[in-house]
1. Among the residues of the range 131-154, count how many are more than 19 Å from ASP223 (Cα to Cα) and surrounded by 24 or more Cβ atoms within 10 Å (Cβ to Cβ).
2. So, of the residues in the range 496-519 that are within 27 Å of the chain's Cα centre (by Cα) and among the β-branched types (Val, Ile, Thr), which turns out to be farthest from THR409 (Cα to Cα)?
3. Considering every residue within the range 106-115, establish whether at least one is modelled with pLDDT of 95 or more and in contact with a Lys or Arg (Cβ under 7 Å, 6 or more places away or on another chain).
4. Those residues that are exposed (fewer than 11 other Cβ atoms within 10 Å of the Cβ) and touching a residue at least 60 places away in the same chain (Cβ under 8 Å), I need them from the range 11-33; list them, please.
5. Regarding LEU355, is this residue surrounded by 15 or more Cβ atoms within 10 Å (Cβ to Cβ), more than 13 Å from MET307 (Cα to Cα) and assigned by TED's automatic domain parsing to the domain that holds PRO501?
6. Being under 15 Å from the mean Cα position of the chain (by Cα) and either of a type in the set (S, T, N, Q) or within 20 Å of GLY72 (Cβ to Cβ) (or both) is the filter here; which residues of the range 226-269 pass it?
7. Please state which of the following conditions LEU238 fails to meet, knowing it meets all the rest: (1) touching a residue at least 60 places away in the same chain (Cβ under 8 Å); (2) among the aliphatic types (A, V, I, L, M); (3) assigned to a helix (DSSP H, G or I).
8. Select, from VAL535, VAL503, VAL482, VAL542, the only residue that is touching a residue at least 12 places away in the same chain (Cβ under 8 Å) and either of a type in the set (Gly, Ala, Ser) or under 24 Å from ARG377 (Cβ atoms) (or both).
Amino acid sequence: MLDQMAVEVPPRSNLSRALTLARKWLVSCTVSHATCMDNSKPDWYPTRLLEIEPRKLTPMLIETKACQLSGGYACLSHCWGSLPITRLLRDNYDSFRKGIDPALLPKTFRDAIEFCKELGLRYLWIDSLCIIQDSLDDWREESNMMCQVYRNSTLCLSAAGAADASKGLYFDRKIEGNYPFPQCPAFLSDRCKRDTQNSSYRDWYLVPGDFYTNLCAKTYTFDRAWIFQERFLATRVLHFGRREIFWECCTANYCETFPEGVPQDVIGRTDILPKATYERIRTSSYTQAIIHPRIFDISSRPVAEQMQMTWEALITEYTRCDLSNLGDKLIALSGMAQSVWLDWRSKLSGDVQYLAGVWNIHLPHALLWACTRCGPRPAAYIAPTWSWASTDGQIDFQLHHWKHAYEFTSTILDVRISYVKSCWGQVKDGHIWVKGPIRKINWLVRKEYWIYATHDEEHPLLTEDTPSKYGIEIVPDEDYDVCTQGWGELHALLVMRFLDPGVQSQCVLVLNPVNDQCNTFHRVGIMSQMSGVQVADWFDGVAQQAIKII
């Protein structure tokens with residue numbers, strides 16, 4: 001139940017309404033949100049921008065270093081979709097410098113240009129029009145600048161309701177469920193007023209617990225991996241959704257239903273990591289609003305663990321998103337990685353290095369991820385198998401380890417990564433040397449794609465049809481249909497153990513030997529929940545060994 005007035009949402013969005021809301025929220029943000037005002041550099045510009053002059057009909061591509069610019073710029077986040085769109089190429093570069101015919105642009109681009117013109121923003125950055133799309137060198141150079149491009153923008157326009165660039169920014173609304181929200185019965189509303197001891201409160205309304213989740217989740221941009229970092233990097237994001245126009249900034253959330261601010265009780269119920277919550281973590285401005293399940297009790301943790309909890313929450317959400325080209329997995333996150341490094345390096349002692357999606361200060365614990373809803377491991381090389389980036393699926397990290405005492409049983413000896421251009425982008429190859437207790441295991445695929453393992457020769461896995469109480473499930477790093485292809489005599493590496501023998505955890509990596517390379521392995525999975533008693537049974541007395549994982 002909420003006391004804020006729930007405004008009825010009109011049946012269609014349009015330019016006029018979007019401008020009214022944007023001006024209201026932008027003024028509120030730029031005047032009263034200190035965190036948002038400190039988040040960008042007003043004198044920094046991307047390599048290229050579209051210039052939108054009020055009296056000209058055609059936008060023009062400009063090279064910012066050759067121009068005297070003043071004022072801020074906007075960015076456009078959008079789904080490319082499967083339809084061809086106008087792109088900046090080497091052949092049309094000179095003509096775009098003279099002007100771009102609006103008739104050549106898809107509707108989303110035209111809507112964004114018109115919106116910026118009416119809002120008073122003279123410059124707009126659109127990826128397909130500001131990066132030379134048939135130049136790999138330019139694409140790599142500009143892709144590594146995404147952190148600065150979005151963080152220093154005045155406003156990011158998110159075409160959240162458009163599956164591709166042909167749909168535009170404005171839509172007819174389909175009102176679903178209890179919408180507008182029903183008013184509370186009189187006796188409940190009166191009781192709430194008495195409980196708050198403030199008779200000036202307005203009437204109370206019944207809001208579904210999944211309201212904010214549906215507002216965000218039922219959009220296209222929240223499901224796209226390339227757009228994931230754009231939302232977190234930009235200081236302010238105006239989402240043009242199909243259900244509502246809504247706003248996220250470093251401080252607050254607004255929408256058409258709650259134009260004065262979405263209540264924290266509503267936001268706190270979402271599984272999606274809110275932008276404002278992330279900003280509070282990033283700036284160490286912890287409040288009771290930090291109630292996301294993956295970052296619970298974060299304020300009481302050491303700084304390195306705070307960073308790790310934050311990064312794991314980001315990776316879980318990022319890998320939930322769709323990525324058309326799996327080869328872009330690391331570079332589509334490069335801006336976010338740079339931002340995290342900039343935000344946390346001064347708080348930590350020692351050298352903080354980014355290693356193919358993993359931070360050196362989080363090893364060896366960062367090896368203990370599990371891949372869910374996974375497909376086959378990508379054919380093209382993306383990252384070494386010990387990195388979550390080498391898989392195609394959603395990555396989950398165990399959460400309860402923050403609540404219990406534990407010790408590491410494996411030690412990282414060396415990590416080597418070779419990069420295509422920089423540590424923030426694509427990887428050529430890499431390996432890690434680790435020393436820990438490792439032993440051979442027996443394994444068997446059972447019915448319904450269950451894979452079990454045991455270490456005990458006296459109690460081996462019996463048959464495919466007979467369950468064995470001695471077996472521990474293996475969670476593979478790729479789809480069950482293909483994961484066991486090429487598996488030989490598997491090995492298990494114990495990375496950590498809890499001091500309480502009753503605590504269960506995923507703490508054992510499953511490794512497959514690489515042919516003709518001594519002590520060299522690929523990671524192929526992780527053991528399912530093992531209790532301390534089982535860990536002791538498997539690994540007590542097992543000798544430590546130095547191995548290489550590639």
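The values are calculated or read from the model by the stated rules, or taken from the named source; none is laboratory data. Treat the numbers as computed from the prediction; the structure is a model and nothing was measured. Here the Cβ is made from the backbone with ideal geometry for all residues, glycine too, and neighbour counts use every protein chain on show.
1. Residues flagged as more than 19 Å from ASP223 (Cα to Cα) and surrounded by 24 or more Cβ atoms within 10 Å (Cβ to Cβ) within the range 131-154 amount to 2.
2. VAL510
3. Yes, because at least one residue in the range 106-115 is modelled with pLDDT of 95 or more and in contact with a Lys or Arg (Cβ under 7 Å, 6 or more places away or on another chain).
4. Hits for the range 11-33 are PRO11, ARG12.
5. Working: surrounded by 15 or more Cβ atoms within 10 Å (Cβ to Cβ): yes; more than 13 Å from MET307 (Cα to Cα): yes; assigned by TED's automatic domain parsing to the domain that holds PRO501: yes.
Here the answer is yes, as LEU355 does meet what is asked.
6. Our first condition is that a residue be under 15 Å from the mean Cα position of the chain (by Cα); within the range 226-269, this holds for 226-234.
Across the range 226-269, the qualifying residues are GLN229, GLU230, ARG231, PHE232, LEU233, ALA234.
7. Condition not satisfied by LEU238: (3).
8. VAL482
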